[in-house]
1. Of the residues that sit in region 10-65 and are over 23 Å from E161 (Cα atoms) and among the aliphatic types (A, V, I, L, M), which one is modelled with the highest pLDDT?
2. Which of (1) touching a helix residue (DSSP H, G or I) at 6+ places or on another chain (Cβ under 6 Å); (2) at pLDDT below 90; (3) not in a helix (DSSP H, G or I) does I140 not meet, given it meets every other one?
3. Give the residue that is farthest from D21 (Cα to Cα), with candidates limited to residues of region 176-189 that are without any contact (Cβ under 8 Å) to a residue 40 or more places away in the chain and assigned to a helix (DSSP H, G or I).
4. So for region 166-173 (the condition being at pLDDT below 90, loosely packed, with under 15 Cβ neighbours inside 10 Å and in a loop (DSSP other than H, G, I, E, B)), does at least one residue qualify?
5. Answer yes if at least one residue in region 187-199 is of a type in the set (A, V, I, L, M, F, W, C) and either at pLDDT 80 or above or touching a Ser or Thr at 6+ places or on another chain (Cβ under 6 Å) (or both), and no otherwise.
6. Only residues in region 144-157 that are at negative phi count as the first member; pair them with residues that are part of a loop (DSSP other than H, G, I, E, B), Cβ under 6 angstrom, at least 6 apart or cross-chain, and list the lot.
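The values are calculated or read from the model by the stated rules, or taken from the named source; none is laboratory data. This is a predicted model, so every value here is computed, not measured. A quick note on method: Cβ atoms are made from the backbone with ideal geometry, for glycine too, and the neighbour counts reach across all protein chains shown.
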Amino acid sequence: MLQSNIPWPGGARCAICISWDIDIDTTIHLERPDTGYKEYGVLSSLRYEEVGIHNVVEALEEPGLQQTFFVCGWCLERYPGVCGEIISHGHEVAHHGYLHEPPNEQSPERESPKPPQQAVEYFMSTFDAAYRIGGFATTIWHPEISGRPSRLLAWADMVRELQKRGDVWIAPLRDIAGHVLKLSEAGEISLREVSVPFYTGPIPELERS
């Protein structure tokens, strides 16, 4: 957990990561492994994410930002070109499991996408809280939905507004985590440990060598 008033790079008041989830067609293959390839209507919608990812990468070029993309292992194997585009532009590819949870196990409220303006308003409410205390906030966006041109325009306007403030550090999680770790090791800040379900001690997979 991060305390408030962390000294962010460039004197920024807060740090923001506007991350993206890359699922493409993992959900249908997880739910229907034997027949998913026949679900042409669903697949055509889900695989629009291939186009959406390209749109997002292009949109991040204009403000000169690098961000974090959480990518399923299935997508890395099946769509290496798409993931290669993310990596070639210097963005971070982060762990997102191999397949994705079935959509029918989500609540209707969570499954239904928010309209572009409502999604932006939700993000800004999270950002405003982090900005007030000088902390850190992150949100997750999906190229299949927010990578569509009309929605991406609203997203791009939001990013421009953040940059206009001049005191917001927008960075991938690797850079934010690295900065916080460096401050912690130097004794400039203290981190508060919290318990994680099903673990009684440090998570072995996350321990540094």
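1. First pass over region 10-65, keeping only residues over 23 Å from E161 (Cα atoms): 22-51.
Next, from what is left, pick out any that are among the aliphatic types (A, V, I, L, M): 22, 24, 28, 30, 42-43, 46, 51.
Details: I22: 80, I24: 66, I28: 63, L30: 63, V42: 59, L43: 58, L46: 55, V51: 75.
Across region 10-65, the extreme among qualifying residues is I22.
2. (1)
3. So the first thing to find is which residues in region 176-189 are without any contact (Cβ under 8 Å) to a residue 40 or more places away in the chain, and the list is 177-178, 181-182, 184-187.
Filter once more, so that each one left must be assigned to a helix (DSSP H, G or I): 177-178, 181-182, 184-185.
Numbers: A177: 19, G178: 21, L181: 24, K182: 27, S184: 29, E185: 30 Å.
So the residue we want is E185.
4. To start, the set of residues in region 166-173 that are at pLDDT below 90 comprises 166.
Adding the requirement that they be loosely packed, with under 15 Cβ neighbours inside 10 Å leaves 166.
Remaining after also requiring in a loop (DSSP other than H, G, I, E, B): 166.
Yes - at least one qualifying residue is present in region 166-173.
5. yes
6. Note: pairs meeting the criteria are E144/Y48; I145/P113.
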